[in-house]
Amino acid sequence: MSSNAISSRLSMSDDSASIGIGAMIVFIALILVAAVASTIIIKSVEDLQQKGEDTTPDTRSSLLKMRIYRVNIEF
């Protein structure tokens, strides 16, 4: 093999390695973004659940105080 063929192969190998490293960096960045997004979603769901649990007694007491005085059914 001539030195030009060897340097050409090394150049192709370096390009492939650069592309692979770039793809790996993008993949790791996507995993980090997904982790942050899932943390935010889980925190939001927990907050909504807590608000629902906090308002349940108020809603029940309001419904217990309600009275139906008159119902008209006509055909």
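The values are calculated or read from the model by the stated rules, or taken from the named source; none is laboratory data. The structure presented is a predicted model; accordingly, all values stated were derived computationally and were not measured. Cβ atoms come from the backbone with ideal geometry, glycine included; neighbour counts cover every protein chain shown.
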Q) With THR55, THR59, THR39 as the choices, which residue is on the phi < 0 side of the Ramachandran plot and under 21 Å from the mean Cα position of the chain (by Cα)? A) THR39
Q: Kindly indicate whether ILE31 is without any contact (Cβ under 8 Å) to a residue 60 or more places away in the chain and in a loop (DSSP other than H, G, I, E, B).
A: no
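Residue by residue, here is whether (1) modelled with pLDDT of 85 or more; (2) part of a helix (DSSP H, G or I); (3) surrounded by 10 or more Cβ atoms within 10 Å (Cβ to Cβ); (4) not acidic (Asp, Glu) holds:
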{"residue": "ASN4", "(1), (2), (3), (4)": "no, yes, no, yes"}
{"residue": "ASP14", "(1), (2), (3), (4)": "no, yes, yes, no"}
{"residue": "GLY20", "(1), (2), (3), (4)": "yes, yes, yes, yes"}
{"residue": "SER38", "(1), (2), (3), (4)": "yes, yes, yes, yes"}
{"residue": "ASP47", "(1), (2), (3), (4)": "yes, yes, yes, no"}
{"residue": "GLU53", "(1), (2), (3), (4)": "yes, yes, no, no"}
{"residue": "PRO57", "(1), (2), (3), (4)": "no, yes, no, yes"}
{"residue": "ILE68", "(1), (2), (3), (4)": "no, no, no, yes"}
